[in-house]
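Any read-out appearing in this document is the output of simple, stated calculations on the displayed coordinates, not a laboratory observation. Keep in mind that this is a model prediction, so the values were computed, not measured.
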Amino acid sequence: MAQTDVRPLSAPEREAAGAPDISVVVTLLNEAATLDELYERTTAALEELGRPYELIFVDDGSTDGTFAALERLHARDERVRAVRFKRSFGQHPAMHAGLARARAEIVVTMDGDLQNRPEDLPLLVEAVDAGYDVASGRRSARRDSWGRTLPSRLINGMLRRFTGVPISDFGCAFNAYRRSAVELGLYGVWYWVDRGDFPGPLFGGTAIVFVLGVQGFILALVGEYLGRIQREVERRPLYTIEREL
């Protein structure tokens, strides 16, 4: 079966389908050796919350028997859902496939290499329950090469300086989101215009950032169209799915 997208369920559809409270999306690439440990630790952490949940594993074209292990987990636990790509398309398409299938109001994303501690998962969920729209984790002890960690540290430092947001690891996949976060972002813009100090001293800087953003958007749009043209010529979608549980 080949497909590239699934429409997310609306709130009424989630209720009608008996949707869980929490969806955990996990991307995998050749993680057969540690998948059972990942499952046991993740389910143990979720059981502490005492709320219905689902686990959505996306196998990004593993070649080591990862999906066979997912089949065994799915057979013993109906809360386990799994998607297998025909080949490796990368982490971002894999995350997209998982998010498109998530049914809960709170969605947690994480890598499957156990660099994210599943035991910390309740902390992210509790932060969203407390009213935050996004709760971000960080990799305190990365097991990557210096060729990956050094650029990551430089980018994180620049982002902290320019955004003023004290997040130590912007690239960490271990995060929890409320579905309404994007809607609350639009509300924030309206509130600033309607009740805040607008135009105010930040207007000039905002205008510059807006112009740069428009330029970036145009470049991204051109890149997207070029990518679509390439996929049309090659008849190649964003990702193709081999099996789904």
Integer Hz, Karplus 6.51/-1.76/1.60 couplings in order for region 122-137, x for Gly and Pro: x, 5, 5, 5, 5, 5, 5, 4, 6, x, 6, 7, 9, 10, 10, x
Each residue of region 74-91 in order: what ³J(HN,Hα) in whole Hz does its phi give by Karplus 6.51 cos²θ - 1.76 cosθ + 1.60, θ = phi - 60°, with x for Gly and Pro? 5, 5, 9, 9, 5, 6, 8, 10, 8, 10, 10, 6, 5, 8, 7, 9, x, 5
Would you pull out the residues with amide H under 5 Å of ALA82's amide H, same chain only if 5 or more places away, H placed 1.01 Å from N? PHE57, LEU245
